[in-house]
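Enquirer: Below: one structure in structure tokens.
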Amino acid sequence: MKQIGYYIGAAAIALGAFTSCTLDAENYTEKSTQNFPKTKNDIVQGLAGIYQNLNKATATPQTTFLFYSHLASDEVLGGGGPNDKLMQAMDLLMNFGTDMTNEFFIQRYIGINRANSLLDALKNMQLNATEKAQADGEARFLRAYYYYELASMYGRIPLTITSEAAKPVQATPAQIWGQILLDLKTAIDEMPAQNTSTTRIGHVDKYAAEALLGRCWLFYTGMYCNGDQLADMTSTNYNPLTEVTLPDGSKLTKADVIAYIDDCVNNSGYTLVSDFRNLWAYTNRCTVEDYDYTKGKNLKWAEDDNAVNPESMFAIKFSKYADWNDSNIGYSNQYALFFGVRGQGTNERTFPFGSGWGAGPVSPALVNDWTVTEPNDVRMKASLVAATDEYPSYALGGGGEYIQETGIYGKKVMPVTAKKSDGTISVSFANIMYGTDNWKGNAENFQLNNINDLVLIRFAEVLLMQSELKEDVTGINRVRARAGLTPIAAYSLEALQNERRHELAFEFLRWNDIRRWHIAATALEKQNGVKIYNNGQQTNNTPHGGGYAARYNSTAGFAKIPESQIPLAAGADGHIDQNPGWAGGSDYNQW
């Protein structure tokens, strides 16, 4: 009898070597493929277990791909305090500790094995054909997404698509990305043509799979267009592949991907929110008229009072179930906490943005570039806040222990506060919009009360992917029109690159963009010498470990595989080799 479980360890797939748990959190011993899943409700439970992995990883956001990709990019620096060396190491593409991202590595393989278990079980289940196809497609989407994050972060990783026992063996990039693309193609081809944003809230649909397919295709065919060796990936040559062989022997072509993206654009029902600023939580009804930047502008958050955001295609959902139990912390948006304002004492000084750990201070180089390339772009001030412009009492350099402080913050993921009826400030607008009753943890807790969605795929990205793939301006100009900008007459890669940089800033996408376009080393070097404050003292951002370009060229941007995973895979038919660039000289000490 095969137990439906996940295995915590090297590749989360070595049967018997690690602790086993079932998909059902309330039963750790009895359910197996002989008796679970059998019913439609069992499938719901199984899918919930796979989706829950999104929140579980969020409990330790500082170990995740999203966090790493943001800090490693040229948009932001590391930040935090003197003891937040992990943040600073990620910015500098350096190592801190032997297992700095181990929790994320473990969690994503837990999610993958849950998906494998459900997919194996579905093969023999007697279900309504449409329901079975939808469940199979959702599980494939999530498995593909989890592999997308792992492969983007670590490069060559163990690959398994079955719940059967196997020793972890690193696959080639062609094998890994081929499986990701096949999973997404299968999900697209089998899932019903229905938008689930209103009918099955929280469940992905065919069109989300089309969007993720486009994202994965662009990364793989660009990043590996010259080959899969270090010199190939760090080359400045960019000539993306136009055809990929999938594991089943079929071919996926650029024309196929264009057809899927066109279908998403034309038939999905997803659309752009009317005003770019309405995408972000600071325009919520409890805050919008008290914030000078948004007051009197007739703005309304797309998610007010649990409304459905028509632009959101895939998001991590949060709730009042968050508390300090390790299993529940991830039900709050811990990314918001980490990217909150550091060292200012009270929320009155930085209203409407709340307190946090100060990760990811925005690089002044981004602001300088944006001002030159698109000086009248409303999205710049909608996406970032220069503290000394908006906060009269903000103490730049006077906030105490803060490394790489620039006084510029990305607004999209920050905590958002709101004024109570008595004029005092709530640590989160959610306490006013949704009330303070029924919190599993404590209301007015700035570490737990951020519960607005973290949107991972939105429709604007699909429009920009359409333009990039078809090399035309249609998608670009739809996005520009929403921002009140003049249309572009002719397509160019440079115009597309700028549009993605501006529209999608601080949404965890820039890192893979500069890598796949083969411009990463040059882009990262712009962070050298920008003005920062370290512990209140003005200075300049300085290279570590040889500098940004040197570190990128020695790693291709892939993170160090957690050291504890390597011996667990050794022996018999298993192995995991460490990524290049993580031997001597890669450790970060301090500023």
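The values are calculated or read from the model by the stated rules, or taken from the named source; none is laboratory data. All values derive from a computational prediction rather than experimental measurement. Here the Cβ is made from the backbone with ideal geometry for all residues, glycine too, and neighbour counts use every protein chain on show. Ligands, DNA and RNA are stripped out before the accessible areas are found, and what is left, the full protein with its side chains, is counted by its heavy atoms. Shrake-Rupley method; radii C 1.70, N 1.55, O 1.52, S 1.80 Å.
Enquirer: At 0.36 nm per residue, and after removing the present C-alpha to C-alpha distance, how many nm does the segment from Q194 to S250 gain when stretched out fully?
Expert: 17.5 nm
Enquirer: Fully extended, how many nm does the chain gain between Y238 and E131 (0.36 nm per residue separation, minus their Cα-Cα distance)?
Expert: 34.3 nm
Enquirer: If I model a spin label at A307 and D577 as a point 7 Å from the Cα along the Cα→Cβ vector, what separation in nanometres do I get?
Expert: 5.4
Enquirer: Related question: Relative to a virtual label point 7 Å from the Cα of T486 in the Cα→beta-carbon direction, which members of region 352-385 show backbone nitrogen distances below 14 Å?
Expert: The answer is 374-377.
Enquirer: With a 1.4 Å probe and all protein chains kept in place, how do S355, S332 rank by accessible area, largest first?
Expert: The most accessible residue leads, giving S355, S332.
Enquirer: Next question. If you take all C-alpha pairs in region 446-574, what percent of them are over 17 Å apart?
Expert: That tail contains 72 percent of the Cα-Cα pairs.
Enquirer: Now for a separate question. What value does region 534-575 have for Rg/Rh, both radii from Cα atoms and Rh as Kirkwood defines it?
Expert: Rg divided by Rh gives 1.27.
Enquirer: Binning at 5 Å from 0, report for region 244-308 what percent of all alpha-carbon pair distances ends up in each bin.
Expert: Spelled out bin by bin, region 244-308 gives 4, 16, 16, 12, 10, 9, 9, 9, 8, 5, 4, 1 percent.
Enquirer: If ligands, DNA and RNA are left out, what is the accessible area of H544 with a 1.4 Å probe, given in Å² to the nearest 10?
Expert: That residue has around 40 Å² of solvent-accessible surface.
Enquirer: Above 18 angstrom, tally the Cα pairs of region 59-204 and express them as a % of all pairs, no decimals.
Expert: For region 59-204, the share of Cα pairs beyond 18 Å comes to 63 percent.
Enquirer: Can you send over the solvent-accessible area of Y270, 1.4 Å probe, protein chains only, in Å² to the nearest 10?
Expert: Using a 1.4 Å probe on the heavy atoms, I get roughly 20 Å².
Enquirer: Something else: Pairwise over distinct Cα atoms, reciprocal of the mean inverse distance: report the Kirkwood radius of the chain in Å, one decimal place.
Expert: 24.4
Enquirer: So, one more: Just need the relative contact order of the chain here, percent rounded to a whole number, with Cα pairs under 8 Å and 6+ apart.
Expert: 20
Enquirer: Could you give the Stokes-Einstein D for region 499-580 in µm² per second, using the C-alpha Kirkwood radius, 37 °C, 0.692 mPa s?
Expert: 210
Enquirer: Which entries in the list K85/K531; K40/K123; K411/K440; K317/K411; K56/K560 go over 24 Å, if you measure between the two C-alpha atoms of each?
Expert: From K85/K531; K40/K123; K411/K440; K317/K411; K56/K560, over 24 Å: K411/K440.
Enquirer: Largest first, what is the accessible-area ranking of W177, W582 with a 1.4 Å probe?
Expert: My answer, sorted largest first, is W582, W177.
Enquirer: A follow-up question, please. For region 50-128, what are Rg and Dmax over the alpha carbons, in angstrom?
Expert: Answer for region 50-128, Rg first and Dmax second: 16.9, 57 Å.
Enquirer: Here is a further query. Could you tell me the calculated FRET efficiency between N438 and T373, based on Cβ-Cβ distance and R0 = 51 angstrom, to the nearest 0.05?
Expert: 0.60
Enquirer: With an 8 Å Cα cut-off and a minimum separation of 6 or more residues, compute the relative contact order for region 328-391 in percent.
Expert: 27
Enquirer: Take every Cα-Cα distance within region 214-364, group them into 5 Å bins from 0 onward, and report for each bin the whole-number percent of pairs it holds.
Expert: For region 214-364, the binned pair fractions read 2, 7, 10, 11, 13, 14, 12, 12, 11, 6, 2, 0, 0 percent.
Enquirer: For T98 and T542, what does the FRET efficiency come to when R0 = 22 Å and r is the distance between their Cβ atoms, rounded to the nearest 0.05?
Expert: 0.30
Enquirer: Using only the alpha-carbon atoms, what does region 161-254 span along each of its principal axes? Please give whole angstrom values in decreasing order.
Expert: Cα spread of region 161-254 along its principal axes, largest to smallest: 48, 36, 24 Å.
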